Amino acid sequence: MSQSAADALRVIIAAGVREVAINPNTALTAAEAGPVANAITAEVLPGVLHATNNERWFQSRVTWGAIVTIGTGVLGAVGVATDWLDADTAIAVGMGLGSAIGGVITLYGRWKARQPIGAAKR
């Protein structure tokens, strides 16, 4: 979600809260409308960002799964090996494990994700 979209959401929430505040059947006053709108926005915006896959890249489990998968592919392509294991075996094992681990992280991240990585738990 772009900054302008986040700002638009803030405006919509503020307008809704103002409508409630001017209703004579509610206890909310016009003076309280701003802080209430800010509190609602702070609570709702992270969920909207996450639901639309707009969290920052480093907060996405799917991104990290893809990074692991790509990284092991690159390491395998350049022939990273160790002294105690021949290069061909190391590459094959590394690429296989990396692809498997990356795939597992990606799937787990997508299935488990309820909010961005590092967001406050509710």
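The values are calculated or read from the model by the stated rules, or taken from the named source; none is laboratory data. If you're wondering where the values come from, they're calculated on a predicted model, not measured in any experiment. All Cβ positions, glycine included, derive from the backbone under ideal geometry; neighbour counts span all protein chains shown.
Observations, loosely collected:
- For the stretch 9-26, a residue qualifies if it is among the β-branched types (Val, Ile, Thr) and either in contact with a strand residue (DSSP E or B) (Cβ under 6 Å, 6 or more places away or on another chain) or within 14 Å of GLU43 (Cβ to Cβ) (or both), and the qualifying residues are ILE13, VAL17.
- Within the stretch 1-16, residues that are at pLDDT 80 or above have Cβ atoms under 8 Å from residues that are β-branched (Val, Ile, Thr) and assigned to a helix (DSSP H, G or I) in these pairs: LEU9/THR41; LEU9/VAL44; LEU9/VAL48; ARG10/THR41; ILE13/ILE40; ILE13/THR41; ILE13/VAL44; ALA14/THR41, counting only partners at least 6 apart in sequence or on another chain.
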